[in-house]
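Below is one structure, written out as structure tokens, with a few remarks after it.
The values are calculated or read from the model by the stated rules, or taken from the named source; none is laboratory data. These figures come from a predicted structure and were not determined experimentally. Cβ sites come from the backbone with ideal geometry, for glycine too, and all protein chains shown count toward neighbours. What goes into the accessible areas is simple: the full protein's heavy atoms, side chains included, and nothing from ligands, DNA or RNA. Shrake-Rupley method; radii C 1.70, N 1.55, O 1.52, S 1.80 Å.
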Amino acid sequence: MPGRENEERNSKNNMLTEEEKNAGLEGKIIPINIEEQMKSAYIDYSMSVIVSRALPDVRDGLKPVHRRILYDMSAELNLYSDKPTRKSARIVGDVLGKFHPHGDSSVYGAMVRMAQDWSMRYPLVDGQGNFGSMDGDSPAAMRYTEARMQKITDEVMADIDKDTIDWTLNFDDTIPEPTVLPTKIPLLIVNGASGIAVGMATNMAPHNLSEVVDACCAYIDNPEITGEEMLQYIKGPDFPTGGIIYGYEGVREAMLTGRGRVMMRAKTDIEHTPSGRECIVITEIPYMINKAEMIKKIADMINEKKIEGISYINDESDRNGLRIIIILKHDAVASVVLNTLFKNTPLQTSFAVNNIALVNGRPQLLPMRDLVMHFVNHRHDVVVRRTRYDLRKAEERLHIVLGLLIAQDNIDEIVHIIRSSQTPDLAKQAMIERFELSDIQASAIIEMRLRALTGLEYGKLTAERDDLTKLIAHLKDVLENVGMQMQIVKDELLEIKEKYGIRAVRPLASKTLDRIAKGLKKFVLDNPEPFIIQCNHGGERRPNDIREPMPTITGKHGYGIVEPYMVQIGQTGFAKDRSKDVREPLTTIVSKNEHCLIEPTLAPYMGTNTTNHPGGNCKDPIHTITTGNQQCLISPTLIQYHSETSKDGVRGQTIKAVSYTHLRAHETPEHL
């Protein structure tokens, strides 16, 4: 073996030039294989980016830069929500100098994002000044803006001084910094995260705090809860900019697997101008969409004639909220224009969910149940460590109180010992030997003020002794009982929900999940898009097609998501013809002079193609529309349709306006 090592050393030395050998570099330069060196260096770089920069920790949901900013604002600068704001430059400089040795723009950018209520579902920083806008405007320079923590961020930092987390030294080994925060808020779930690492990326959607707390409590009550059961509590993403979640299958897939695609649409209303023209009013836009760029793209498409029917578009947003108005031409149909906008502009876009976070320092793809589980486990660990800390402090204080009570009972002798001693150390030693006190107790007696000799102070000490005894007994019970520990976690979560929980801004979610809860089953068609097929009347008479837009025809698809659709009623008169389903989203149903407002029900259809009895009876609502071998379950709609009548009074019937307030599970046809 020694011979082989000598051979390797000689071979490496032989790789040096004569000039290098003459310069005395022999034995000091180590030749290496560049391929191995590049591989090793790239792996080190990749792990550094993954663990220390781009991916959040599953426990507190924060990347290192966000964690360092919040810790510095709380522990170093004392910028809690009840304190005055300070210059952002002061905060950024403090974070750079103590914890984060990178560029100032990265720290300021991270802090700015935590202050933007259109980026974070629950902002963590209370910014004062220009912190950007939904139009993509840059924030003001850090020397102009000021910041402090939001009130909800106080809960993120709660109990950090009670040995609830692990610590590490900063980059120069001079100041300790936390490896994770003891947050009471499930930040990773409620605020989401996004980041691009090396070989992987994360993109997590925000959710509603009240729903997430309910899910955490359900997991505490039943640790065996499944992902499907958790869908009853967390109904889907809750984006800070609002919008409509269009289709539930992607949401469900993301919740159950950790990866999926959520389709988002802007929230729109059809209004009329004083002159009578229709206009589309946009009040909410999809998450992470630049409003100014979206308006510019719509304007460019209008100028390029890619979108017809729009005469004017204007951004009327102000401090009261977002409002974009699109005024249409006189002959334009609002719903047709709106459908074109959804198809060709960011008014409809998707959010690709990819729930990758660090679990024990390793990146993992996590479904919603696992995210809840890891957060609850983190809170349980925090509660246990906090209880141990409180127990230790209570026992230490009780030890001192007992010493002070001994001094109170023997005050004359204590005073004599102190007065007769040359130094405090000799007095302490004499008291320790006389009353069997500890060094801590003797020190407390030496430092005791004369006012502690009064009877009132003695009563306070006895009361404190009794309270500490009860507290210590309770804390020991908590440490011995896992059920009590989990109950504390649950109670604290419910308190957070009471203080900070707000109603979800997610439109249609309550209707969507209400249908799921009522047990409406999924059905599959050759073409799974929702449609309505209108009746076939027969004979030579062909009623006019109805092409007016219709306000709320909705179809049932998948797991109960309600999607707006228009039905164009094309009625034909021959047996070989079939009524056609139309998939163009429109808005009202108009048949001759009949109009109908919509309430939840199901419209019936029993049609024939014979000339003897064309048309069918459409009187009592049933659950399906059937034509040939096609079926469709219609979700909340009531269609009143008045068809043409003939002399024999058989052709054409009326669908009476019967409405149901809700659909019950047992009403769902078995064959669906």
(message) Not counting ligands, DNA or RNA, and with a 1.4 Å probe, what is W118's accessible surface area in Å² rounded to the nearest 10?
(response) 60 Å²
(message) Can you give me the distance in nm between label points at S275 and E396, each placed 7 Å from the Cα along the Cα-to-Cβ direction?
(response) 7.7 nm
(message) At 1.4 Å probe size, with the rest of the protein present, what percent of the exposed accessible area of region 373-463 is carbon and sulfur atoms?
(response) 52 percent
(message) Suppose all protein chains stay in the model; what accessible area per residue would a 1.4 Å probe give for region 357-456, in Å²?
(response) 56 Å²
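Give, in nm to one decimal, the length gained when the segment between E18 and A292 is fully stretched (0.36 nm per residue of separation minus the Cα-Cα distance). Could you put the intermediate results ahead of the total?
Details: separation 274, 0.36 × 274 = 98.64 nm, distance 6.62 nm.
Difference between extended and current length: 92.0 nm.
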(message) Using a 7 Å offset from the Cα along the Cα-to-Cβ direction at both A299 and R362, what is the distance between the two label points in nm, to one decimal?
(response) 5.3 nm
(message) Give me the one-decimal nm value for the distance between modelled label points at E495 and I411, 7 Å along each residue's Cα-to-Cβ direction.
(response) 3.8 nm
(request) Taking all protein chains together and a probe of 1.4 Å, list Y312, Y500, Y248 from the most accessible to the least accessible. (result) Y312, Y500, Y248
(request) Mind grabbing the accessible area of M204 for me, 1.4 Å probe, Å², rounded to tens? (result) 10 Å²
(message) Heavy atoms of the protein only, probe of 1.4 Å, neighbouring chains included. What is the accessible area of Y246 in Å², nearest 10?
(response) 40 Å²
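State the percentage of accessible surface on region 87-167 attributable to carbon and sulfur atoms; use a 1.4 Å probe and exclude ligands, DNA and RNA. Kindly include the intermediate steps, with their values, before the conclusion.
Values: 1540 of 3360 Å².
Answer for region 87-167: carbon and sulfur cover 46 percent of the accessible area.
Rule-of-thumb check for region 398-500: C-alpha Rg over 2.2 N^0.38 Å?
Values: Rg = 19.8 Å, N = 103, 2.2 N^0.38 = 12.8 Å.
Computed over Cα atoms of region 398-500, the ratio equals 1.55.
Accessible area per residue, 1.4 Å probe, Å², for region 209-307: what's the number? Spell out each step's value before the answer.
Working: 4220 Å² over 99 residues.
That works out to 43 Å² per residue.
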(request) Rank these by accessible area, largest first, 1.4 Å probe: R59, R121. (result) R59, R121
